[in-house]
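For reference, the structure discussed in these notes is given below.
We did not get these values from a lab; they are worked out from the coordinates using the rules stated. Note that the coordinates shown come from a computational prediction; the quantities given were computed from them, not determined experimentally.
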Amino acid sequence: MKRIQDFGLFLEAAGGSEVQKEVKKIISEMFAVGKNIKFSGDQDGEPESVEFEIDEGDYKIGYSQDLKMEYSEGVLAKRKYLVSLKFSSKSKEGTDDKPIFKIRFKIKLKSISEVETKKEVELAWEFENKPTKVIKFIHDEKQKCEWDDSNNYLYMTKTAYSKCATDQLKTIIREEGGQKVRVK
């Protein structure tokens, strides 16, 4: 049954604005059931709130934190807004035999230009002299690094480091006298 409901949400998500699609995605990820989704209001041409039916288990939960999806910097760059849902109200309708649980959220939109994204974590090692053997190994692994003559530091991103043969890289860094340093 859930697959059918999830599939129904997927079909509904094919239509509507970017914000409506994002709200439906949040609902499908955060709630066991999310059906009869209705948008209302207007904020800059986008919906202001959303109301939908949920199951009893989700109805009993308190929603003190905003609900939102986490995305990488690359995904966020392709969007206009960071969308989150702020709890507004919930209600129980229908009969005792067939209760209908509804919940309402205010849709919060934050322009992507206002969103601070996490920068890539950088690693650094200090060397006495330029570590040409280390730099050559990193380049042979088709990764990037940067040497700074002013402080004798070799920098590379954690992502690039993890794409290298790390055991070999550690050995070469040690052989060349590199000492790991903390980067602020």
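Students often get this wrong, so try it: which of (1) 222; (2) 130; (3) 182 is volume of the Cα convex hull per residue in Å³ as calculated from the structure shown?
(3)
Using Cα pairs closer than 8 Å and at least 6 residues apart in sequence, work out the relative contact order for the range 44-184, in percent.
22 percent
Note down the relative contact order for the range 46-108 as a percent, whole number, built from C-alpha pairs under 8 angstrom at least six residues apart.
It rounds to 47 percent for the range 46-108.
Calculate one ³J(HN,Hα) per residue across the range 61-66 by plugging θ = phi - 60° into the Karplus curve 6.51 cos²θ - 1.76 cosθ + 1.60, and present them in order as whole Hz with x for glycine and proline.
With coefficients 6.51, -1.76 and 1.60, one gets 7, x, 10, 8, 9, 5 Hz.
Note the angle between two axes, namely the Cα long axis of helix 166-175 and the longest principal axis of the Cα atoms of the chain, as a number of degrees from 0 to 90, rounded to the nearest 10.
Relative to the chain, helix 166-175 is tipped by roughly 30 degrees.
Once the Cα atoms of helix 2-13 and of the chain are each reduced to a long axis, what angle between those two axes, in degrees from 0 to 90 to the nearest 10, is obtained?
With both axes taken from Cα atoms, the answer is about 80 degrees.
Calculate the length of the line joining the C-alpha centroid of the range 42-81 to that of the range 91-115, in whole Å.
One Cα centre to the other: 9 Å.
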